[in-house]
1. Would you mention how many residues in region 115-151 are in a loop (DSSP other than H, G, I, E, B), modelled with pLDDT of 85 or more and not hydrophobic (A, V, I, L, M, F, W, C)?
2. From the residues in region 93-134 that are polar (S, T, N, Q) and within 19 Å of the chain's Cα centre (by Cα), which one is surrounded by the most Cβ atoms within 10 Å (Cβ to Cβ)?
3. Counting only residues that are surrounded by 14 or more Cβ atoms within 10 Å (Cβ to Cβ) and in a helix (DSSP H, G or I), how many does region 74-92 have?
4. What are the residues in region 59-73 that are without any contact (Cβ under 8 Å) to a residue 60 or more places away in the chain, surrounded by 14 or more Cβ atoms within 10 Å (Cβ to Cβ) and outside any loop (DSSP other than H, G, I, E, B), if any?
5. Evaluate region 49-64: report whether one residue or more is modelled with pLDDT under 90 and hydrophobic (A, V, I, L, M, F, W, C).
Amino acid sequence: MRRTRALPALAAAALLAACGVQPTGVVPAGPGPSIRATTGTYVRAGLTLYFVSDGRVIPVTRPSEGFISPEGAITLLLKGPTEREAAQGLTTFVPPEIGRVEVYPGNPTSIVLPFPVRKLSNQAINQLVCTTIAASSDTGRAPVTPGVNVSSPDDKMYFQSCKAD
């Protein structure tokens, strides 16, 4: 009878001693997993516009609800940075008087400016190109080509990819 009581205690002691795992506290592992739909239309909770900081074109995400077309994104870009963004040193090289910029989906996507492209700086063109690509990607219709055709009334057409930090 004594043997039967000692056997379970001995087995429990052996299991505890054999595992070799020392107790630890809670270890932070970052955020939990998230689930994103792999079918249907995916619209992000933010819109990415490209502004200039220290001469470099950088992405800025603004909160948004629902669908914003590439033309809508460019309209917001033309309004320039918000007061908060400007206070952080962001600016735009795209002049607000640029007028209506048309965007045509395709491979590649095309941007049609209302005046000659040469009137814009490289940063301004890059802001337009990067913002168009980001907005097109948000709609689930990301172009296959890595850039955009930029054309103007003088019938010049340039292909440019997004060059942002």
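The values are calculated or read from the model by the stated rules, or taken from the named source; none is laboratory data. Note that the structure is a prediction, hence the values are computed from the model and not measured. Cβ atoms come from the backbone with ideal geometry, glycine included; neighbour counts cover every protein chain shown.
1. Of the residues in that region, 1 qualify.
2. If we take residues in region 93-134 being polar (S, T, N, Q) and within 19 Å of the chain's Cα centre (by Cα), then Thr131 is surrounded by the most Cβ atoms within 10 Å (Cβ to Cβ).
3. Residues meeting the conditions: 5.
4. Val60, Arg62, Glu71, listed by residue number.
5. No, region 49-64 contains no residue that is modelled with pLDDT under 90 and hydrophobic (A, V, I, L, M, F, W, C).
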